[in-house]
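Q: Dumping the structure here so I can ask a few things about it.
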Amino acid sequence: MTTWEELEEMCLNCRGCRLCETRHNVVIGVGNKNADIMFVGEGPGYHEDMQGEPFVGAAGQLLDKMLAAIGLDRQIVYIANVVKCRPPNNRNPEQDEQDACINYLRWQYLLIRPKIIVCLGKIAASALIEPNFSITRDHGKWYSKKDCDFIATFHPSALLRDESKKRLAWEDLKKIKQKYDETRTTNE
Ligand code: URA
C-alpha cells in the first residue's frame, strides 16, 4: 500500500505519458484526505497547470458555487482529475494518457475511501463508471460498486457553455446532497 507521501512523490516525478513534456505543475488533488465525497474532473486546464491545484479557473469558480449550493466546500470534499497533467490546448486527455494516469487516482481513492464519487463530465464518467457513458442519458443515476456509490453530472465547463443544462445539474446536486446526508447519518 502506498502512502500519500509516496504517491505525491511518484506523481511529481511521473514521466508515464507525453503530457509530462509540456506541464508546468502536476495537479494531484485538493481537499480533505478523509472526505466522504470525492469529485473527479477530466484534467487540468491552463490555470490549474500554472497553480498546481484542480479547478481554479472559471469552471472551478462554478464548481465552488455548485458545492456551496449543497453546503459543501473544498475543505470538506476531495477534488481530483482523471489525468494529473494538462493536455495541450485543453484538448480531451487521450485514452493512453488516461491509462497511464488512472492508477494514481485509484491510489487516491484507496487512501481516502470516500463513500461517494461524483464524476464531472463524460471523460470522468467513462473512466470510472462505464466506458460508453452518455452524460445526457445517464447523468443523475447512481451506480453502486463495492463500498462506493458513483454518480455523474455535467462538467462545470459544459454548464458555462450551455446554461440550459444548469436546471438538470441542480437536480443531480440535490440527489448528491441527499445521499451525502444519508451516508453521514449512517456513519454516526
Ligand atoms: N477542468 C477539469 O476537468 N479539471 C480541472 O481541474 C479544471 C478544469
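Q: In whole Hz, what ³J(HN,Hα) sequence does the stretch 105-111 give by Karplus (6.51, -1.76, 1.60; θ = phi - 60°), x for Gly and Pro?
A: Taking θ as phi minus 60°, the curve returns 5, 4, 5, 4, 4, 5, 6 Hz for the stretch 105-111.
Q: Now for a different question. Determine ³J(HN,Hα), in whole Hz, for all residues of the stretch 78-86 in sequence, where each value follows from phi through the Karplus function 6.51 cos²θ - 1.76 cosθ + 1.60 and θ = phi - 60°; x replaces Gly and Pro.
A: 10, 10, 9, 10, 5, 10, 9, 10, 6
Q: Let me ask you something else. With the full set of protein chains in place, find how many percent of the accessible area of the chain is carbon and sulfur; take the probe as 1.4 Å. It would help to have the intermediate numbers written out before the result.
A: Values: 4550 of 9510 Å².
C and S fraction of accessible area: 48 percent.
Q: Keeping every protein chain present and rolling a 1.4 Å probe, give me the accessible area per residue for the stretch 46-188 in Å².
A: On the way: 7240 Å² over 143 residues.
In whole numbers, the stretch 46-188 has 51 Å² accessible per residue.
Q: Can you give the Rg/Rh ratio of the chain, where Rg is from the C-alpha atoms and Rh is the Kirkwood radius?
A: 0.94
Q: A follow-up question, please. Does a label point 7 Å from the Cα of Gln51, set along Cα-to-beta-carbon, have any residues of the stretch 60-92 with amide nitrogen under 17 Å, and which are they?
A: 60-68, 73-81, 85-86
Q: If you place +1 on the Cβ of every Lys and Arg, -1 on the Cβ of every Asp and Glu, and leave all else neutral, what size is the dipole of the chain about its Cα centre, to the nearest 20 Debye? All intermediate terms of the calculation are to be shown ahead of the outcome.
A: On the way: 26 positive and 27 negative charges, 107 e Å.
Charge dipole of the chain: 520 debye, to the nearest 20.
Q: May I ask what percent, to the nearest 5, of DSSP beta bridges between residues of the chain are antiparallel?
A: 30
Q: Now for a separate question. Please work out the FRET efficiency for the pair Arg184 and Arg106, using the Cβ-Cβ distance as r and a Förster radius of 22 Å; give the result to the nearest 0.05. Can you show the working numbers first?
A: Details: r = 24 Å, r/R0 = 1.11.
About 0.35, to the nearest 0.05.
Q: Another question about this same structure. May I ask you to list the lysines whose Cα is less than 18 Å away from that of Lys65, ignoring any residue fewer than eight positions away on the same chain?
A: Output for Lys65: Lys165, Lys166, Lys174, Lys175, Lys177.
The values are calculated or read from the model by the stated rules, or taken from the named source; none is laboratory data. All values derive from a computational prediction rather than experimental measurement. Virtual Cβ from ideal backbone geometry, glycine too; neighbours counted across all protein chains shown. Heads up: the accessible areas ignore ligands, DNA and RNA and are worked out on the full protein's heavy atoms, side chains in. Shrake-Rupley method; radii C 1.70, N 1.55, O 1.52, S 1.80 Å.
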